[in-house]
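Report on the following structure.
The values are calculated or read from the model by the stated rules, or taken from the named source; none is laboratory data. If you're wondering where the values come from, they're calculated on a predicted model, not measured in any experiment. Ideal geometry is used to build each Cβ from the backbone, glycine not excepted, and the neighbour counts take in all protein chains shown. Surface accessibility is based on the protein's heavy atoms, side chains included, excluding ligands, DNA and RNA. Shrake-Rupley method; radii C 1.70, N 1.55, O 1.52, S 1.80 Å.
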Amino acid sequence: MNCSISGEVPEEPVVSKSSGLLFEKRLIERHIQDYGKCPVTGEPLTLDDIVSINTGKIVKPRPVQAASIPGMLGMFQNEWDGLMLSNFALEQQLHTARQELSHALYQHDAACRVIARITKERDEARSILAQAEQQFPISTPNAVTATAPVHSNGKRAADDAELAPNAKKLHPGISSSIITELTDCNAALSQQRKKRQIPATLAPVEALETYTQISSHPFHKTNKQGIISLDILHSKDLIATGGIDSNAVIFDRPSGQILATLSGHSKKVTSVKFVGQGESVITGSADKTVRLWQGSDDGNYNCRQILRDHLDEVKAVTVHATNNYFVTASLDGTWCFYELSSGTCLTQVSDSSQGYTSAAFHPDGLILGTGTTDSLVKIWDVKSQANVAKFDGHVGDVTAISFSENGYYLATAAQDGVKLWDLRKLKNFRNFAPYDADTPTNSVEFDHSGSYLAVAGSDVRVYQVANVKSEWSLIKTFPDLSGTGTSTCVKFGPDSKYLAVASLDRNLRIFGKPDEGTPAES
C-alpha cells in the first residue's frame with residue numbers, strides 16, 4: 001500500500017477516518033497544518049481525523065542504481081552534471097540581471113539630470129517673466145471688466161471695438177483647486193446617479209403619443225426670421241431662445257410672457273444657456289464673442305462681460321454641473337474653459353481640427369464632448385485637456401451632441417443622421433437616418449431622465465431609449481409647422497411634459513397634451 005501523496009510505501013502509515021485514504025504521517029500532518037483539508041478529496045481534515053496503523057518494520061529496497069559500485073558512481077556523476085548545469089544557468093541569469101540593473105541606473109541618472117536642467121530652465125523663465133510683468137504690466141483684452149458702463153440692452157462703450165482681437169493672450173490654466181472641485185463634483189454626481197430612479201412624474205410613452213401643438217410664440221424679428229438655439233431652465237420652466245436677428249429672448253412658459261430681450265450681439269446668436277437657477281445667461285454668437293448676462297431684481301438681464309478669446313464664430317456653449325465654469329467651442333479650431341464668476345479664460349485648447357461645431361459636458365463633468373467640421377466627435381479629459389477618444393463615421397459637420405443622463409450613451413447628429421455611442425466600449429451601436437441625404441439632422445437631445453431621445457431635422461421625432469442590444473422604437477413624429485421645412489432645435493420640458501421646438505421662422509412651438517391648460521399664444 002502506497003501513500004496517496006508521495007506514491008511510496010509509508011514509514012509511519014496513517015489512514016483518514018472520512019475518506020479511508022492512506023498517507024505518510026509526516027506528510028499529511030504538514031499538509032493539514034498548511035491547508036486544513038484532504039489533499040485528494042478537498043474535504044476539511046484535522047489531526048484528530050487521522051488514525052495511525054501499526055505495521056511491521058518496513059525495509060525499503062535499494063534502487064537498481066545503488067545495487068553496485070558502478071551504478072552508484074554513475075548516479076553521482078548524473079547528479080554532479082545536473083548541479084553544474086544549474087549553476088551555469090544561475091550565473092547566466094546573474095549576468096543578465098547585472099546588465100539590466102546597470103542600464104536602469106544609467107537611465108535613472110540621465111533622467112535626473114534632464115529633470116534638473118528643465119527645472120532650472122523653468123525657474124529662470126519664471127524669473128524673467130516676473131521681471132517683464134513688473135516692467136510692462138500685461139493687460140487682459142479678452143474680457144470687459146465689471147466696472148465698465150453697463151446698459152440694459154447689453155451694449156458697451158466704444159472701447160470694445162478698440163481692443164486688439166489678434167493680440168496674444170495669456171491663460172493661467174486650470175489650477176489644482178479647480179481640478180479638486182471638479183473631481184469632488186464628479187464623485188458626488190456619480191454616487192447620486194447609482195441611486196437615481198426614473199421619477200414617477202415623468203410623462204409616459206402613452207402621453208407622448210398624444211402630443212400635439214398647444215401654443216406658438218413669435219419672439220424674434222420678422223426681417224431676420226429663424227430661431228437657431230434653445231435652452232430650458234426646468235426648475236422655473238423658463239425658455240431661452242437665440243435668433244438670427246442677433247437677439248436672445250427669455251420666456252416664462254407658464255404665464256406666456258417674455259421676461260427679457262437680450263440685445264447686444266451684432267450677428268446671429270448660435271448658442272444660449274441658463275446658469276444655475278437662471279440668475280445668469282450665457283450667449284455665443286457668430287460675431288466671435290461670448291456675453292455673460294446677469295439677472296437683476298426687476299427681471300431684466302444686463303450684459304456683465306464680453307469675452308473675445310475666439311477668432312471665428314462661436315458655435316456652442318456648455319455649462320459645467322458646478323455652475324461655476326463653462327466651455328465655448330468655435331470655428332477657429334479651439335475651445336475655451338472659463339471661470340464664470342470672473343469671466344476669465346483659464347485655458348484655450350486647440351488641435352488639428354479645422355473648427356468645432358458643437359460641445360457638451362458629460363453629466364458628471366469630467367468629460368467634454370465636441371463635434372467638428374471634420375465629421376469627428378472628440379472626447380476630452382477636462383482635467384488634463386487631453387483628447388482621450390475620437391469617433392468617426394459621420395458625414396458633414398457634427399451639428400449636435402448630447403449625453404444621456406445615465407452617463408453611458410452619447411448621441412451625435414450630422415448630415416447623415418444620428419449615431420449612438422456606448423462610452424463604456426467606445427463603440428457605435430446604433431444609427432438613425434431619418435431624413436434623405438440632402439437634409440441634415442440639426443439637433444439631438446436626451447430628456448433629463450434619459451428615457452427619451454428627440455431628433456430634429458425636416459421634422460421632429462421622439463424615440464424611446466433602450467439598451468445597446470434592444471431596439472429604440474419611434475414614439476411619435478411631429479411635422480414641421482413653420483412652412484420652412486427645417487426644425488433647428490428641440491428640447492424636453494420638465495418631466496418631458498412638453499417639447500419646445502424651434503425652426504427657421506420666428507416662432508417657438510410647444511407640443512404637449514391637448515387637454516392640459518396652456519397659456520394663450522403670445
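Computed values, structure above
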| item | result |
| --- | --- |
| Karplus 3J(HN,Hα) series, Hz, for region 290-298 with 6.51 cos²θ - 1.76 cosθ + 1.60 (x for Gly, Pro) | 10, 10, 9, 10, 10, x, 10, 5, 7 |
| Residue among 348, 318, 331 farthest towards the positive dipole end of region 228-359, charges placed on Cβ | 331 |
| Between region 402-480 and region 324-354, the Cα center-to-center distance that results, in Å | 27 |
| Cα long-axis angle, helix 176-195 against the chain (0 to 90 degrees, to the nearest 10) | 80 |
| Sequence-distant lysines (8 or more away, or on other chains) whose Cα lies within less than 16 Å of residue 169 | 288 |
| Length-normalised contact order for the chain - Cα pairs under 8 Å, 6+ apart - percent | 11 |
| Residue 487 long-range amide H proximity, modeled H, under 5 Å | 457, 458, 459 |
| Dipole axis of region 165-310 (+1 Lys, Arg; -1 Asp, Glu on Cβ), positive-most option in 246, 272, 171 | 171 |
| As computed over region 375-507, the Cα convex hull volume per residue (Å³) | 121 |
| Cα-based reach from residue 194 at 18 Å (exclusive), listing lysines while leaving out same-chain residues under 8 positions away | none |
| Accessible area in square angstrom per residue, the chain, 1.4 angstrom probe | 52 |
| Span per principal axis, largest first, for the Cα atoms of the chain (Å) | 117, 70, 45 |
| Part-to-part distance (alpha-carbon centres) for region 169-185 and region 487-511, which is given in Å | 35 |
| For the chain, size of Cβ-based charge dipole, Lys and Arg +1, Asp and Glu -1, in debye | 160 |
| Principal-axis tilt of helix 25-35 within the chain, Cα atoms, nearest 10 degrees | 10 |
| Reachable lysines, given that their alpha-carbon falls under 18 Å from the alpha-carbon of residue 427 and they are not under 8 places away in the same chain | 378, 390, 419, 469 |
| Part-to-part distance (alpha-carbon centres) for region 243-309 and region 1-62, which is given in Å | 86 |
| The chain: angle of helix 69-135 to the longest principal axis, Cα-based, in degrees nearest 10 | 20 |
| Selection from 212, 365, 73, by position along the positive dipole direction of the chain (Cβ) | 73 |
| 222 nm mean residue ellipticity, helices alone, for the chain (DSSP H n ≥ 4; -39,500 (n - 2.57); rounded to 500) | -7000 deg cm²/dmol |
| Residue 261 accessible area, assembled protein chains, probe 1.4 Å, Å² | 70 |
| In region 1-64, the GluC sites (Glu not before Pro) that fall in loop regions by DSSP, at most 16 other Cβ within 10 Å | 8, 11 |
| Apportionment of accessible area to carbon and sulfur, the chain, percent (1.4 Å) | 52 |
